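Take a look at the structure below.
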Amino acid sequence: MASPQNYRSWVEIDSPALLHNLQALRAQIGTGTGVMAVVKANAYGHGLKLVVKTLAPYIDWFGVANLTEAQEVATLAPASPILILGSALAEEREGIVAGGFTPVISCLGEAQAYAALGNGRPVDVHLAVDSGMGRIGVWETEAVELAKACHALSGLRISGVASHLPVADEDDLYTLQQLTRFRSLVQELRSMHLFDGPVHVENSAGVIGFPSDAGDLVRAGLMLYGCAPRPEFQPNLRAVLTWKTRISLIRNISTGRTISYGRTYVVAQPARIATLGVGYADGYQRHLSNRGAEVLVGGKRCPVLGRVTMDQIMVDVSSVPEAVEGDEIVLIGTQAGAEISVGELADKAGTIPWEIFTGIGPRVGRLAAG
Ligand SMILES: *Cc1c(COP(=O)(O)O)cnc(C)c1O
């Protein structure tokens, strides 16, 4: 069993918090709506195995980015249906059908390719509709026509209809209009009996902002991991991940010396500096250099000084005289009542929580908390 001793930096995963967030999600959407847990990109950096094992008994679908991820999830949760969220490469299609995974299609070419792979059994696909995302899907004005053409293919079955929301955390008016248009398109497809299966459109921000449009199934990622893309829901969620490292060295530094590459930080008064075993190669972004980033040392916030390097960062621990080499440091999470959220780190790095989470690298251990 891996322990923190095996790593200079690791994340601890609180599985009860994951289940708490799933409960909060279910309370928001009500009982008529299923949950697809989105676990792409190593479960948003949290570590696929523990997340899938924890959630599998309580969710309806898993959502992943590609065939490889689908295969990994299938070995961990053989009974769960798995949707591949993005357009598949031609080379992936055979494996998708053989594995029993559900792809999304955007055009007749993809539909025909899947229809040819079923060996006499119709291949289940979900029809992706582009109602405003501008990424994949058939344009909504052409959706009925494509659905009819798919319906005529004997080797294919549209077993779900999907769309995606580009501004559910930024533009409520656009999102409401988008949801209304999508709803009426779905009604049209349904009345023509062109598909049978779940309709899904909402990501975490959609679930929080527009719960009455949750439909048959929601595709939730970020909120399950305890971060609300709309702040009003944050009190309902618990952070799942705590990202830690250790002090590898402590030195006293005198006035006038400089810290790290570029010599961007000049020491103004004698200080006690800790070197930590984490860097941008672990996902502690170089964009956090000289941006006011802090870490928790003994429950106190301590500033990151100078540039983030590949494997190490330097922190001023002058305010924590009891800190010693080997001490656990929190980069994201709580320590003795203090907290650094993923949102805080994302803001300081000029990015979004999704990128901070998924950027946590393979060198960082994934451990169960407690
Ligand atoms: C990643 C993804 C989601 C999950 O989004 P969150 O904002 O993390 O909830 C939902 N749908 C699709 C199509 C995705 O690619």
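Over region 1-151, what portion of Cα pair distances is larger than 25 Å, expressed as a whole percent?
Numbers: 4536 of 11325 pairs.
Counting pairs separated by more than 25 Å, the tail of P(r) holds 40 percent.
On the protein heavy atoms, probe 1.4 angstrom, tell me the percent of accessible surface of the chain carried by carbon and sulfur. Please report the intermediate quantities before stating the final value.
Details: 8350 of 16290 Å².
After summing per-atom areas, the C and S share lands at 51 percent.
In debye, nearest 20, what is the charge dipole magnitude of the chain about its Cα centre with +1 on Lys and Arg Cβ and -1 on Asp and Glu Cβ, if you could check? Write down the numbers at each step before the final one.
Details: 30 positive and 36 negative charges, 218 e Å.
That gives a dipole near 1040 debye.
How compact is region 138-230 by the rule of thumb for globular proteins, expressed as Cα Rg over 2.2 N^0.38 Å?
Working: Rg = 14.4 Å, N = 93, 2.2 N^0.38 = 12.3 Å.
So region 138-230 has a normalised radius of gyration of 1.17.
Cross-link candidates for Lys49: which lysines have Cα within less than 17 Å, leaving aside residues fewer than 8 places away along the same chain?
Within reach: Lys40.
Residue farthest toward the positive end of the dipole of the chain, with Cβ of Lys/Arg at +1 and Asp/Glu at -1: which of Leu241, Gly137, Ser212?
So the residue furthest toward the plus end is Leu241.
Return the single residue from Gly118, Gly32, Gly221 with maximal mean-square fluctuation; model: Gaussian network over the chain, springs between Cα atoms under 10 Å.
Its mean-square fluctuation being the largest, the pick is Gly32.
Among the aspartates and glutamates, which fall within straight-line cross-link reach of Lys53, defined as a Cα-Cα distance under 15 Å, with same-chain neighbours fewer than 8 residues apart omitted?
List returned: Asp14, Glu69, Glu72.
Ignoring everything except DSSP H segments at least 4 long, calculate the 222 nm mean residue ellipticity for the chain; use -39,500 (n - 2.57) per segment, divide by total residues, nearest 500. Intermediate results must be reported in sequence, preceding the final value.
Numbers: 11 runs with 103 residues, N = 370.
Helix contribution divided over all residues of the chain: -8000 deg cm²/dmol.
Classify region 1-85 as rounded, prolate or oblate, taking a ≥ b ≥ c as the square roots of the eigenvalues of its Cα gyration tensor: rounded when a/c is under 1.5, otherwise prolate if a/b is larger than b/c and oblate if not.
Numbers: a/c = 2.27, a/b = 1.35, b/c = 1.68.
Note, shape of region 1-85 comes out oblate.
Order these peptides, 226-232, 62-68, 38-44, 267-273, by their mean beta-carbon neighbour count within 10 angstrom, highest first.
Values: 226-232: 18.6, 62-68: 20.4, 38-44: 24.0, 267-273: 14.3.
So the order, starting with the most tightly packed, is 38-44, 62-68, 226-232, 267-273.
Can you list the lysines whose alpha carbon sits under 29 Å from that of Lys300, skipping same-chain ones fewer than 8 residues off?
Cα-Cα hits under 29 Å: Lys244, Lys348.
If I take the Cα coordinates of the chain and project them onto the principal axes, what are the three extents in Å, biggest first?
The Cα atoms of the chain stretch 77, 43, 38 Å along the principal axes, largest first.
Where the Cα atoms of region 241-368 are projected onto their three principal axes, how long is each span, largest first, in whole Å?
Its Cα atoms span 39, 30, 23 Å along the three principal axes.
Tally the DSSP beta bridges in the chain and give the antiparallel ones as a percent, rounded to 5.
Details: 32 of 61 bridges.
Antiparallel: roughly 50 percent of the beta bridges in the chain.
Sort 15-24, 185-194 by the packing proxy (mean of other Cβ within 10 Å over each peptide's residues), most packed first. The partial results should precede the final answer.
On the way: 15-24: 18.3, 185-194: 14.4.
Taking the mean over residues of other Cβ atoms within 10 Å, the ranking is 15-24, 185-194.
The values are calculated or read from the model by the stated rules, or taken from the named source; none is laboratory data. Bear in mind the structure is a predicted one, so any value in this text is a computation, not a measurement. Cβ: placed from backbone, ideal geometry, glycine included. Neighbour counts: every protein chain shown. Side chains included, ligands, DNA and RNA excluded: accessible areas come from the protein's heavy atoms. Shrake-Rupley method; radii C 1.70, N 1.55, O 1.52, S 1.80 Å.
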